[in-house]
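The values are calculated or read from the model by the stated rules, or taken from the named source; none is laboratory data. A quick note: this is a predicted structure, and the numbers were derived from the prediction, not measured. Glycine gets a Cβ as well: all are built from the backbone with ideal geometry, and neighbour counts include every protein chain shown. For the accessible areas, the whole protein counts, side chains as well, though only heavy atoms, and no ligand, DNA or RNA atoms are used. Shrake-Rupley method; radii C 1.70, N 1.55, O 1.52, S 1.80 Å.
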Amino acid sequence: MMDPVLRDRRIWVLMAAAMLTIMSNATITPALPGLQQMFAANPDAALMTRLLITAPSLLVAITAPIAGSITDRIGRIRPLCWGLVLFSVAGTAGLYLGSLEAILASRLALGLGVACIMTAQAALIGDYYEGPVRARLMGYQMAAVNLGGLIFVTAAGAMAAHDPRLPFAIYGLGLILILPALRCLHEPARTIHDGILGEPRAPAEPGWQLNVGLMAVAAGATFVMYYAVPTQLPYLMASVGLDQPQQAGLVLGATMLAAAVLSVASGPLRRWLGRVGTPVTGFMLLAAGFWGMAEAQTMVTQMSFAALNGAGLGLTMPAFVTTALNVTPAHRRGTVSGIITSAIFLGQFLSPLATQPLVTYLGYSGAFHVAAVSYVVLGALLFLTMRRQPGSVPAHPPRKG
């Protein structure tokens, strides 16, 4: 039976907007080897092709807090639509630009569009919905992001086999969403708090700034290692003979499908595992997935451990965003969604800078082993830091016997 909240047209538009954001980075992943070969005359081609994946993340990391503050002051809808236009114009530029430097510049502009989209749509979910419904919708949103990734990355793998530029065409889909956004979404009725738009309900939880800070750090740290998947996995697979773009697309698709399934389940699981237990469990799944991918030699084992990896992400990310929005006062939701978005994308941008040296000295499998150990450490640190805070105890623990 369909969740009644999914009958609301607004949530479908917001999930579609979230789905587009996965395209900012991962869509062109299967095309990386082909793009590197196309621009082989550029002495920095190996590094620059990897930066095409993470360049949008730098602009998102820098501008998302500003975009979030703007949405708190002028509303959510206009920044969302501005972001959709910029997303499509800058995203499709890779179809015709003639140099890696120019494509890299367009990817930076793409990041500005993503910052506007992500902060506005996350703040709107916080505005429209409350409590357990909000938690479920964050899971649905993450599921939409990963299902979008499954579709777009798999399609991009097939397109890249014909021409490494073709995946850039997928970014044009952002223009299609503008009209539904204008028709279905509305600005929430809000009052003024020190010159900032906000709702009078939903007061802050005590110590909310610390909680938001912890969630931002945890989200950023998660992606520093996780983004070794889109930036390094095609090369890890090629090192064991799995060197076709379609194969990389299928493995990334398995990751995203598993993330989608666990994201939907994350809301109910949060009631049992609690505010801390949910992301800590996700960290353990991420660790197991990375370790397994480092050892895998076949497509079946790569896809299996990639799915385990995706399941871990599906538990962690909705938990971080939900916790941050739940503890935040209503009139600061845009700013806080910007902070979390910035942390996520800063982690993505830093990922190749952190993992490339590991690859150089330890090889691809060694770098993935280090990532696995890092997630175990992150899970332990998060548990020790937050276990005594409000909300860390599961709301409905299992009955004994």
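Can you send over the solvent-accessible area of residue 12, 1.4 Å probe, protein chains only, in Å² to the nearest 10?
130
Above 26 Å lies some portion of the pair distances; for the chain, what is it as a whole percent of all C-alpha pairs?
More than 26 Å apart: 49 percent of the Cα pairs in the chain.
Taking a quarter of the surface of the convex hull around the Cα atoms of the stretch 225-348, what do you get in nm²?
Result: a mean projected hull area of 7.8 nm².
Show me, bin by bin at 10 Å from 0, the whole-percent P(r) of the stretch 1-97 based on Cα pairs.
Here the calculated profile for the stretch 1-97 is 12, 36, 28, 17, 6, 1.
Between beta-carbons, use under 13 Å as the cut-off and find the net charge around residue 171, counting Lys and Arg +1, Asp and Glu -1.
+2
Please return the longest stretch of the chain lacking exposed loop sites, where trypsin sites (Lys or Arg not before Pro) count only if DSSP places them in a loop and at most 15 other Cβ atoms lie within 10 Å.
So the longest stretch without any such site is 1-200.
Please sort through the DSSP H helices of the chain and keep those with an alpha-carbon extent of at least 20 Å along the long axis and a Kyte-Doolittle average not below 1.0.
Qualifying helices: 45-74, 77-91, 100-128, 208-226, 299-327, 333-386.
How big is the accessible area of residue 385 in square angstrom, nearest 10, if you roll a 1.4 angstrom probe over the protein chains?
Rounded to the nearest 10, that gives 80 Å².
Just need the relative contact order of the chain here, percent rounded to a whole number, with Cα pairs under 8 Å and 6+ apart.
Averaging sequence separation for qualifying contacts and normalising by length gives 25 percent for the chain.
Beyond 20 Å, what share of the Cα-Cα pairs of the stretch 275-333 is found? Please give it as a whole percent.
For the stretch 275-333, the fraction of Cα-Cα distances above 20 Å is 39 percent.
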